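Colleague: Before I ask anything, here is the structure I am working with.
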Amino acid sequence: GTNEYNMVLGANRAKATYDYLRSQGIETSRMSSVSYGEELPLDPSHNEGAWAKNRRAHFNLDAK
């Protein structure tokens, strides 16, 4: 798909993850979401395995 289409898919995936965590009782003030699309892939390879890795949600836990 186009870059714009892929950004929407990523944003929807991030929102679904955010909404799920919220439904499990995580306070929204403790969360944020972002989709990097093709700009910052976890795995820059061009194969099915890399694309699968890049469709996943990742978490950054900061203890405060």
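The values are calculated or read from the model by the stated rules, or taken from the named source; none is laboratory data. All values reported here derive from a predicted model rather than from experimental measurement. Please note: Cβ atoms are built from the backbone with ideal geometry, for glycine as well, and neighbour counts cover all protein chains shown. SASA here: full protein model, heavy atoms, side chains in, ligands and nucleic acids out. Shrake-Rupley method; radii C 1.70, N 1.55, O 1.52, S 1.80 Å.
Colleague: Give me a count of the residues in segment 30-64 that are in a helix (DSSP H, G or I) and among the polar types (S, T, N, Q). I'd like the intermediate steps shown before the answer.
Modeller: Initially, segment 30-64 is screened for residues in a helix (DSSP H, G or I), giving 30, 37-39, 48-53.
So of that shortlist, the ones also among the polar types (S, T, N, Q) come out as none.
Matching residues across segment 30-64 total 0.
Colleague: Find the residue count for segment 39-59, including only residues that are at pLDDT below 85 and touching a helix residue (DSSP H, G or I) at 6+ places or on another chain (Cβ under 6 Å).
Modeller: Adding up the residues that qualify gives 1.
Residue-wise test of (1) touching a Ser or Thr at 6+ places or on another chain (Cβ under 7 Å); (2) open to solvent by 70 Å² or more (accessible area, probe 1.4 Å); (3) touching a residue at least 24 places away in the same chain (Cβ under 8 Å).
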{"position": "N3", "(1), (2), (3)": "no, no, yes"}
{"position": "A16", "(1), (2), (3)": "no, no, no"}
{"position": "M31", "(1), (2), (3)": "no, no, no"}
{"position": "G37", "(1), (2), (3)": "no, no, yes"}
{"position": "L42", "(1), (2), (3)": "no, yes, no"}
{"position": "R55", "(1), (2), (3)": "no, yes, yes"}
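Colleague: From the residues in segment 19-29 that are part of a helix (DSSP H, G or I) and not basic (K, R), which one is surrounded by the most Cβ atoms within 10 Å (Cβ to Cβ)? Talk me through it step by step, then tell me what you get.
Modeller: Quick first cut of segment 19-29, residues part of a helix (DSSP H, G or I) only: 19-23, 28-29.
When the remaining residues are screened for being not basic (K, R), the result is 19-21, 23, 28-29.
Details: D19: 12, Y20: 11, L21: 17, S23: 8, T28: 10, S29: 6.
The selected residue is L21.
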